[in-house]
Amino acid sequence: MELLKESTFKPIIYILFIIYLSSEILTLYFIGEIYHFLDKVGIYSQLGKVAILIFIYLLLRFPLGFILNDQYKKLNQYSKDMKISYERYQTLFRNPLNIVYIVNMDGVVVDINSATTTILGYLPKEVIGQHFNMFLESQRKDIRNKFHNENLQIDSESFIAKERIKHKNGKIIDMEVLSIPYTDEKGDIVGLIGVAKDITKESNYSKKLEDLSQRYKCLFEKNPHYACMFNKDGFVEEVNNKMIEDFGTNMIGSHYIDLLSKNDLHRALHDFESVRNGEVIQGIYQVVDKKGMHLKVDLKSIPIFVNNHLEGKFVIARDITEKDRLEQVINSDLDLAKVLQESVLSKPIRDKNIHISGHYIAAKHIGGDMYAWYKLDENRFGIIILDVMGHGVSSALISMSIRSLLEGIITKTKEPELVIQRLNQHMYQLFTKNIDSIRFFTALYLVVDTQKKEIEYVNAGHPSGIVISKNNILLESTCTPLGILENQKPKVKKLPYESGSKILLFTDGFLEYYHDLSINEAILEVASTYKGNQHLTSEELVLEALKNGEVTKGQDDVSFVKIEL
């Protein structure tokens with residue numbers, strides 16, 4: 001675009017000077033004519049003539065000089081203003097951050113600044129003379145889609161458009177383009193001055209925000225649980241479809257207190273203050289649905305902060321009404337199962353030569369531990385303690401299955417190795433062979449002969465029992481756990497005992513309370529606890545031993561048997 005510079009006005013100044021000089025010559029010519037005229041009318045005094053001529057000169061010269069001088073001043077000021085305008089234009093045009101360009105009515109680039117190199121990879125000389133279509137991702141004749149007869153149809157107002165522009169290497173760049181029409185001296189629009197700003201980063205951020213917004217909307221509205229937004233005062237601002245389905249369409253604007261059961265109001269007010277202080281609160285609440293029914297929900301409140309200022313809270317709640325009801329039914333059944341399982345545990349035996357007692361604590365309602373003892377004859381007693389892998393219902397069912405066989409196997413077989421073989425066969429055939437995963441249990445079975453004062457035992461991978469006498473003796477493992485191998489070959493060990501000796505048997509859950517100690521150290525610690533509390537019953541001894549221990553996550557069942565000889 002051709003812009004006015006200071007040099008543009010120099011010819012005009014010269015013309016004005018010539019006009020001024022011509023006016024001076026004409027003035028002098030008129031004065032000469034007037035001088036001759038004064039001679040003709042009879043004025044001969046030179047002083048008079050000079051006075052008249054000076055007066056006439058001033059009369060002719062002053063208005064013209066004043067007019068020319070005033071026009072010169074205006075033109076000079078206009079020149080200065082145009083110079084400032086030009087310098088401002090050059091400053092804008094040299095802007096390295098944005099592309100500044102000029103296109104004519106045909107869409108051909110007339111001029112463009114050097115920013116096109118840094119932003120689009122083109123040198124200005126590569127672009128000037130080319131149609132701006134070379135930049136556009138989709139070929140169009142007009143940025144505003146208003147071309148008619150190959151001419152750009154625009155009005156006199158500027159406009160902003162977002163365009164996808166091609167880099168020289170083919171990469172697409174998002175740009176915001178400000179287009180300003182410019183006119184010629186007649187006022188006709190002859191093209192556009194444009195400023196194009198690279199907004200790729202802003203566009204990417206905008207797309208990410210839109211993507212996050214869509215994800216949030218999907219997660220919020222289609223969440224199978226209740227989800228709602230509250231403002232900082234506790235009023236509902238937004239709810240999801242699940243909330244509308246169960247609590248109605250008029251929830252917006254209601255207070256959270258209106259949704260809760262009266263029994264939970266005090267706690268809810270306290271928790272709301274905690275959320276306002278930035279805490280995440282989770283708890284079980286009772287809420288009232290649109291039908292007036294009380295629902296139990298597992299609710300989590302999360303504070304929402306924007307620029308460190310609390311804006312409200314986001315709440316998601318899971319309806320656990322049916323789950324809670326089923327758990328109550330299951331817990332009731334498990335309580336009954338616990339009673340049944342404890343009822344089959346052997347009752348204490350107090351014979352003149354032997355006292356046997358035990359105590360059992362399930363990790364859950366029921367578990368896989370079991371102990372039993374039977375009188376084999378007048379002097380011999382069979383005693384077993386076992387622990388089925390895992391804990392809970394499945395272990396308890398296997399344990400009860402084994403329990404149903406114990407009395408028959410122990411009282412009829414009597415020999416320890418045969419008892420262990422039959423139990424192994426039962427476990428392998430019924431469970432391991434017919435189930436993909438291996439099922440097994442550990443067991444320590446011993447036969448005490450009070451007449452011979454002798455102990456026979458087989459330890460199938462069970463924690464060592466301990467005989468407490470002058471010298472403590474560990475009843476260590478003699479074969480693998482039962483149910484792993486189809487054919488088990490247990491090894492029987494015998495040892496004598498003295499009157500007054502004590503035997504302590506337990507499952508690994510008992511030793512877990514001493515998790516900082518090794519197994520043997522834990523067993524010796526149990527023996528030490530017993531020696532200092534021999535007057536206690538089995539139950540009291542278990543509680544005393546566990547009192548100093550530390551409960552760990554996933555604590556196993558605990559079984560304990562005390563035999564006094």
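A few remarks follow.
- Protein accessible area in segment 155-238, 1.4 Å probe - carbon and sulfur %: 52
- Surface/4 estimate of mean projected area, convex hull on alpha-carbon atoms of segment 201-350, nm²: 15.0
- Here the extension length gained between ALA161 and ARG267 equals 32.6 nm, from 0.36 nm per residue of separation less the Cα-Cα distance.
- Between LEU376 and PHE381, GLY382, the built amide H atoms are under 5 Å apart, and every one of these is 5 or more places off in sequence or on another chain.
- Counting every C-alpha pair in segment 407-541, the share spaced more than 22 angstrom apart comes to 45%.
- The residues of segment 294-388 have, on average, 52 Å² of accessible surface per residue, using a 1.4 Å probe with all protein chains present.
- If you plug the beta carbon distance of ILE435 and LYS489 into 1/(1 + (r/R0)^6) with R0 = 22 Å, you get a FRET efficiency near 0.40.
- Cα centroid of segment 106-124 to Cα centroid of segment 435-499, whole Å: 93
- Prolate/oblate/rounded label for segment 330-473 (Cα gyration tensor, a/c 1.5): prolate
- Pairs beyond 31 Å (Cα-Cα), from LYS291/LYS338; LYS162/LYS242; LYS125/LYS207; LYS433/LYS453; LYS125/LYS162: LYS291/LYS338; LYS162/LYS242; LYS125/LYS207; LYS433/LYS453
- For ILE320, the residues whose modelled amide H falls within less than 5 Å of its own, excluding neighbours fewer than 5 places apart on the same chain, are LYS296, VAL297, ASP298.
The values are calculated or read from the model by the stated rules, or taken from the named source; none is laboratory data. What you see is a predicted model, and the numbers here were worked out from it, not measured in a lab. Note that each Cβ is placed from the backbone with ideal geometry, even for glycine, and that neighbours are counted across all protein chains shown. Each accessible area value is taken on the protein alone, full model and side chains, heavy atoms only, with ligands, DNA and RNA left out. Shrake-Rupley method; radii C 1.70, N 1.55, O 1.52, S 1.80 Å.
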